[in-house]
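J.: Sending over a structure as structure tokens; questions will come in a sec.
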Amino acid sequence: NDPNSNYSGTLYTYDETTHTVTVWTSHLSDVKLNSTRSSGGSDDDSDSNAPTLGKASSGAQLVTNGFEYNGLTVNVGRYHTEFPLIGTNVGDKNTIKMKVYDSAGPAGIKRVEFALGVPDIGLYHEAEAFVEVWMNRDNITVQETVIVDELNLLEDSDVSATVSQTSCSGDAQQCLLVELQYSYREPPAYNTVSIKPVDWDNNAHQFYFNDGIHVDGDSINLPKEITISASHASSTTHAGETLHLVQIDRAEHLWVDQYGYQWKIIGNTVRQITVPEYLVPNDNTYGTLHGPDRNHPEFASSVYAEQQKAQETLAEILGHATIIKPLPENGGT
């Protein structure tokens, strides 16, 4: 279980005394597939000497107002910090400020990582996108900002970072202040965000914030498209045909085919979940073969109607009509 070994996978260890899970990896870039940086060592998330945005391992509050998002500040706990849900919009510029304490001073920080779209507390490595702010070792300046974003959730040209020194708690103790600006191209599937500061000895600690950040607005990315054979899927219609699917809800794994039928794809499981009451006209009335496109005034209503049908179908399968998550009215989000 030595995090400094040459083990290249991911190892989870559970401490029954503290009820915590530790995730060991050879380096975060091994988890974030397309990261271009590698320190050649491991980040030790359990080290009591790790830098902090708030509390030390002893419980002492070393930093006040260690996290700020668009003007809202909060004192950071040791692991999880309750943070009111903040709203922002696709395309809006957002500003994050992070005050980081290290026993070696501001010059002791190697990098600070910001993870967004985190599925849950403790699942840092499954975040949908990361921004890494790397420091120069000889002086307190930004060496490089690395974006790890396979889903294209962020507008790369809007990502920028600056660093400076500031008081940790209104006293003489100095912290590194990292200011990060960025904007979204598409809402993440999850609201929780996390920050991970790392020092030059690779001591590191993860800090989680939820309810987190909720992003409104339609994606400005082109919809993802795939082609499948109905003969290789759980299909109730058009068996044997080649179907063209367009993703309509990434968080719910929903797709729609050229006939208007909805599909759910999770991993290698492909299943048709709705049967429309009518087929889309072949005269391309709506601008696409699978119904109103995103710019059509009937698009929201069409999506809402299909969502209702999907929940009704699910209720029939389960044998009851309990709706766990009520749908918004009139196609709202």
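The values are calculated or read from the model by the stated rules, or taken from the named source; none is laboratory data. Since the structure is predicted, the reported quantities are computational estimates derived from the model, not experimental observations. Note: ideal-geometry Cβ built from the backbone for every residue, glycine included; neighbour counts use all protein chains shown. For the accessible areas, the whole protein counts, side chains as well, though only heavy atoms, and no ligand, DNA or RNA atoms are used. Shrake-Rupley method; radii C 1.70, N 1.55, O 1.52, S 1.80 Å.
J.: Quick one: which residues, 5 or more positions from Thr73 or on another chain, have an amide H under 5 Å from its amide H? H modelled 1.01 Å from N in the peptide plane, none for Pro or chain starts.
T.: Placed amide hydrogens put nothing under 5 Å from Thr73.
J.: Between rounded, prolate and oblate, where does segment 153-279 land on the alpha carbon gyration tensor, with a ≥ b ≥ c its root eigenvalues, rounded for a/c under 1.5, else prolate if a/b exceeds b/c?
T.: Prolate is the answer for segment 153-279, as a/c is 1.5 or above and a/b outweighs b/c.
J.: Cα-Cα over 27 Å: which of Lys224/Lys309; Lys93/Lys264; Lys97/Lys264; Lys196/Lys264?
T.: The answer is Lys93/Lys264; Lys97/Lys264; Lys196/Lys264.
J.: Which value, in Å² and to the nearest 10, is the accessible area of Leu151 when all protein chains are kept and the probe is 1.4 Å?
T.: 70
J.: For segment 150-253, which trypsin sites (Lys or Arg not before Pro) are in a loop by DSSP, counting at most 15 other Cβ atoms within 10 Å?
T.: Lys224
J.: Continuing with the same structure: Let a ≥ b ≥ c be the square roots of the eigenvalues of the Cα gyration tensor of segment 90-133; is it rounded (a/c under 1.5), or, if not, prolate (a/b larger than b/c) or oblate? Mind dumping the intermediate values first?
T.: Values: a/c = 2.71, a/b = 1.49, b/c = 1.82.
Taking the square roots of the gyration eigenvalues as a ≥ b ≥ c, segment 90-133 is oblate.
J.: Then there is this: I need the shape label for segment 114-156. Rule: rounded when a/c is under 1.5, else prolate if a/b > b/c, else oblate, with a, b, c from the alpha carbon gyration tensor.
T.: Verdict is oblate for segment 114-156.
J.: Follow-up question, since we're still on this one. Out of residues 5 or more away from Trp200 or on other chains, whose amide H comes under 5 Å of its own, with H placed 1.01 Å from N in the peptide plane?
T.: Amide H neighbours of Trp200: Lys110.
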